[in-house]
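Written out below as structure tokens is the structure these notes cover.
Derivation of every value follows stated rules applied to the coordinates shown; laboratory data play no part. Source: prediction; values computed, not measured. For neighbour counting, all protein chains shown are included, and Cβ atoms are generated from backbone atoms with ideal geometry for every residue, glycine included.
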Amino acid sequence: MKTALYFAAEKGDRVKCGLCRHGCAIPDGKVGICRVRRNLGGVLDATTYGHASSIAPDPIEKKPLFHFMPGTHSLSLGSVGCNLNCGFCQNWEISQEWGARSTRKLSPEAVPMMARDNQCQSVSWTYNEPTMWYEFTLDASRLLRKAGFPTVYVTNGYIAEEPLRELSKCLDAMNIDVKAFTEGFYSDLVKGKLSGVLETCELAHELGIHIELTYLVIPTKNDKEEELKGFSKWAAQSLSPDVPVHFSRFHPDYRLLDVPSTPNSTLALAKTAALAEGLKYVYIGNIGHTDDENTHCPKCRALLVERWGFRVIKNRLKGGGCPDCGEKISVVEKPGWIV
Ligand code: SF4
């Protein structure tokens, strides 16, 4: 058993979990909504501690992070479970239906060694929702910071405030899914609250974590022009025009099989709306090789970083700026704490 962080005794035999914004009150012997945290006699057990379902060195662009250490590799690790329940999940075998999935047991100390052995420059907690093994990611991230490896969370943004504040001491970047911009979508299709996700984005930005946002555009569900504009306006005004946004193409998966793939025209509309709201770096993903996956200077429009899929094939950035007009570009080439 691994005693979880962030829980407190409640009335009767319940404990209240404070790791994510659900705040489950869990009776003895039962699990929370995520099914990976169990009340064992008044103590919350973090059942997935050290249980890795997937490990691979990936280009950092695959997270996707386009403005964080571009062109480098990130050792990517996932466990099982999720605290949301998206019918369109593309990793549902490990996030929702993982009962028979075998995992490999790891120690936190093994992770920096694996990053080094795989010639990776960072470590990403990804594939499933990383808060599902929060305690392990925290322990390993503290060691990774000491060993010189930046860390990344690829997340649904449903983590509660205090755990994020603690994690931010050893977390460098996040890609946060904003799955829609209406509470109706979140309550019907995801089983969560949009407001909590937006608060996480704002807090992460305030804490100085590099953030990029992903918005999966699903036909008829979250693709109205007004909604896309509202999302972009919030990102530009409540975060920053410099925050990179990735609009991603939906394809039918898991339980959402009766909705067609996103038309390119809708993705183009999303990009136009986002640029009109003032966002400087807007990308379209999951559509094959197009100019929409390249980085351009927001001032003179020069091509700065050219990508092919998840590979950087040309990087013209000079000292974090445009080599043609000198415009400062929002990119972390290396976190400041690395000497
Ligand atoms: S992590 Fe979230 S979903 Fe899981 S038990 Fe805690 S509050 Fe509930």
- When the Karplus curve 6.51 cos²θ - 1.76 cosθ + 1.60 is applied with θ = phi - 60°, which whole-Hz ³J(HN,Hα) does each residue of segment 298-309 get, with x for Gly and Pro? x, 8, 9, 6, 4, 6, 9, 10, 9, 10, 10, x
- For the chain, what is the mean residue ellipticity at 222 nm derived from helices alone (per DSSP H run of n ≥ 4: -39500 (n - 2.57); sum divided by total residues; nearest 500 deg cm²/dmol)? -6000 deg cm²/dmol
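Going down the table (Lys63/Lys328; Lys179/Lys318; Lys169/Lys280), which pairs top 30 Å between alpha carbons? The partial results should precede the final answer.
Working: Lys63/Lys328 24 Å; Lys179/Lys318 34 Å; Lys169/Lys280 28 Å.
As for pairs spanning more than 30 Å Cα to Cα, those are Lys179/Lys318.
I want the local charge near Asp28. Using Cβ-Cβ distances under 10 Å, sum +1 for each Lys or Arg and -1 for each Asp or Glu among the other residues.
On the way: positive: Arg14, Lys30, Arg38; negative: Asp13.
With Lys, Arg at +1 and Asp, Glu at -1, the net is +2.
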- Stretchable slack from Glu166 to Val259, in nm (0.36 nm times residue separation minus alpha-carbon distance): 29.5 nm
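Which whole-number percent gives the relative contact order of the chain, counting Cα pairs below 8 Å spaced six or more residues apart?
Numbers: 717 pairs, mean separation 44.1, N = 339.
Once normalised by length, the contact order is 13 percent.
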- Taking 0.36 nm per residue of separation between Ser102 and Ser195 and subtracting their Cα-Cα distance, the length gained on full extension comes to 30.0 nm
- Note on the structure: Of the candidates Gly12, Gly32, Val43, the farthest towards the positive dipole end of segment 7-46 (Lys/Arg Cβ +1, Asp/Glu Cβ -1, centred on the Cα centre) is Gly32
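So for segment 51-315: antiparallel DSSP bridges make up what percent, rounded to the nearest 5?
Values: 15 of 40 bridges.
Here the share of antiparallel DSSP bridges comes out near 40 percent.
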- Note on the structure: Applied in sequence order to segment 275-280, the curve 6.51 cos²θ - 1.76 cosθ + 1.60 (Karplus, θ = phi - 60°) yields integer Hz couplings, x standing for Gly and Pro, of 5, 5, 7, x, 5, 8
- Note on the structure: In the structure shown, of Lys146/Lys334; Lys16/Lys191; Lys62/Lys191; Lys191/Lys271, the pairs separated by more than 21 angstrom at the C-alpha atoms are Lys62/Lys191; Lys191/Lys271
- Message: If you take every residue apart from Cys86 with its C-beta less than 13 Å away from the C-beta of Cys86, what net charge results, scoring Lys and Arg +1 and Asp and Glu -1?
- Response: -1
- Check: C-alpha center segment 301-330 vs C-alpha center segment 28-103, spacing in Å is 33
- Put in order of increasing Cβ neighbours within 10 Å, starting from the fewest, Ser79, Ser102 give Ser102, Ser79
- For peptides 309-317, 261-269, sequence by mean Cβ density within 10 Å, most packed first: 261-269, 309-317
- Go from 0 up to the bin containing the longest alpha carbon distance in the chain, width 20 Å each, and give me the % of pairs per bin. 31, 59, 10, 0
- Return the percentage of antiparallel bridges among DSSP beta bridges fully within segment 170-280, rounded to the nearest 5 %. 10
- Query: Of Cys300, Ile329, Ala140, which is farthest along the charge dipole of the chain in the positive direction, counting Lys and Arg as +1 and Asp and Glu as -1 at C-beta?
  - Reply: Ala140
